[in-house]
1. When you scan region 8-37, how many residues do you find that are within 19 Å of residue 63 (Cβ to Cβ) and surrounded by fewer than 15 Cβ atoms within 10 Å (Cβ to Cβ)?
2. Can you tell me how many residues in region 26-39 are within 14 Å of residue 8 (Cα to Cα) and either among the hydroxyl-bearing types (Ser, Thr, Tyr) or assigned to a strand (DSSP E or B) (or both)?
3. Residue by residue through region 45-76, note down the ones that are surrounded by fewer than 16 Cβ atoms within 10 Å (Cβ to Cβ) and farther than 20 Å from residue 98 by Cα.
4. Suppose the filter is assigned to a strand (DSSP E or B) and within 17 Å of residue 8 (Cβ to Cβ); does residue 59 pass it?
5. Output yes when any residue across region 111-126 is modelled with pLDDT of 95 or more, closer than 14 Å to residue 24 by Cβ, of a type in the set (D, E, K, R) and within 14 Å of the chain's Cα centre (by Cα), and no when none is.
6. So which residues in region 37-57 are modelled with pLDDT of 95 or more and either within 19 Å of residue 109 (Cβ to Cβ) or within 11 Å of the chain's Cα centre (by Cα) (or both), if there are any at all?
Amino acid sequence: MRVFRVAVPTMNIAEGQLFYEQILGMAADDTVPSRLYFHCDGVIVALVEWSTEGRGDFAPNCENLYLAVDDLDAVHDRATRAGANITAPIDVRPWGERSFYCSDLDGNPLCFVDSETLFLGHGAKWA
């Protein structure tokens, strides 16, 4: 079993496209009319237009979407320029990851992690 797609709701798909293209550093795949797909190393981040596909009142995702990146400082700069709300600056977390937290234009929480410091749950000091 594997995760292959994660949905991220948006109220404005055009603004969301600009935001995610800038932060992720890649063009969106616009194959599906009400979705934009960002192909992230085997997992699709699907930006879903809420006015077309939503069920009920809009609400952002409640949990962080974690993305591993090779150049955390560059992604932080791009996120700041794109208008992300930085909720926790770049820092080394107690579990050893170097990361920062932010939210997108719709309030979806994101966390970008330096790929060289990923904590995958194995070998934790407290385990």
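The values are calculated or read from the model by the stated rules, or taken from the named source; none is laboratory data. In this text the structure is predicted, and so the values were computed from the model without any measurement. Methodologically, a virtual Cβ is constructed for each residue, glycine included, from the backbone with ideal geometry; neighbour enumeration extends over all protein chains shown.
1. Number satisfying all stated conditions: 0.
2. So the count comes out to 6.
3. 51, 52, 53, 54, 55, 56, 57, 58, 59, 62
4. For residue 59, the condition - assigned to a strand (DSSP E or B) and within 17 Å of residue 8 (Cβ to Cβ) - is not met.
5. no
6. 38, 40, 43, 44, 45, 46, 47, 48
The rows are residues; the columns are (1) assigned to a loop (DSSP other than H, G, I, E, B); (2) without any contact (Cβ under 8 Å) to a residue 24 or more places away in the chain; (3) within 25 Å of residue 123 (Cα to Cα).
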residue	(1), (2), (3)
47	no, no, no
55	yes, yes, no
66	no, no, yes
76	no, no, no
81	no, no, no
89	no, yes, no
95	yes, no, yes
